[in-house]
Amino acid sequence: MDELTELDRLRLLERVKDPDTIAFLESLPLRDAWRCLEIGAGAGSVAYWLATRCLEGHVVAADIDTRHLDPRRVSNLDVQEVDINSHHFAPSSFELVHTRAVLCHVPAREEVIARAFEWLTPGGWLVVEDVYTLPVGSSPYPA
């Protein structure tokens with residue numbers, strides 16, 4: 001069997017998670033002029049969706065590896081190569097900050113979340129989707 005590439009992994013994550021992510025984001029009171037930050041944009045599916053949903057706004061697709069993101073795909077998309085562990089955006093820059101499957105890889109996740117709250121405008125939304133695992137022995141149903 002061929003080894004999966006990083007892009008394959010990102011596309012698989014999109015196929016599995018995007019339906020729930022998009023459904024949740026659609027439940028928010030999104031406005032055309034919102035400024036959005038996608039932390040860990042990966043291959044860009046959520047960032048592209050936000051950019052087409054908030055056409056009068058601006059979307060920042062931030063990732064430590066931006067090679068799978070196309071900044072020309074949507075005119076209001078800004079691709080930024082950043083390390084979320086140390087990067088700072090200006091306070092009150094975004095109405096929405098979204099991250100998925102990123103914070104589980106960040107040792108100082110509480111600090112990143114605290115900074116993300118600072119980046120939100122008053123009344124803004126911080127949406128965090130991440131992995132949560134429990135030890136096998138914690139299950140009441142033995143394997």
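Taking other Cβ atoms within 10 Å as a rough exposure proxy, Arg35, Arg72 sort from fewest to most as Arg72, Arg35.
Remark: relative contact order (segment 1-101) = 28 percent; criterion is Cα-Cα distance under 8 angstrom and separation of 6 or more residues. Against the chain, whose longest principal axis is taken from its Cα atoms, helix 6-26 shows a tilt of about 70°. Each of Cys54, Cys104, Cys36 was scored by other Cβ atoms within 10 Å of its Cβ. Listed from fewest to most, they are Cys104, Cys54, Cys36.
Rounded to the nearest 10 degrees, the angle from helix 109-119 to the longest Cα principal axis of the chain is 20 degrees.
When Val82, Val102 are arranged by Cβ crowding within 10 Å, least crowded first, meaning fewest neighbours, the order is Val82, Val102. For segment 57-99, the residues whose amide N sits under 14 Å from a probe point set 7 Å from the Cα of Thr5 along the beta carbon direction are 67-69. A convex hull fitted around the alpha carbon atoms of the chain yields 149 Å³ per residue. For the chain, modelled as a GNM whose springs connect Cα atoms under 10 angstrom apart, the maximal fluctuation among Val97, Val60, Val106 occurs at Val106. Per residue, the chain reaches -9000 deg cm²/dmol at 222 nm when only DSSP H runs of four or more residues are counted, each adding -39500 (n - 2.57). In loop segments of segment 1-51 as defined by DSSP, the GluC sites (Glu not before Pro) with at most 16 further C-beta atoms inside 10 Å of their C-beta are Glu3. The modelled label-to-label distance between His88 and Leu28, using points 7 Å beyond Cα along the C-beta direction, is 2.4 nm.
FYI, it's all coordinate maths here, none of it is from the lab. All values derive from a computational prediction rather than experimental measurement. No Cβ is skipped: glycine too gets one built from the backbone with ideal geometry, and neighbour counts run over all protein chains shown.
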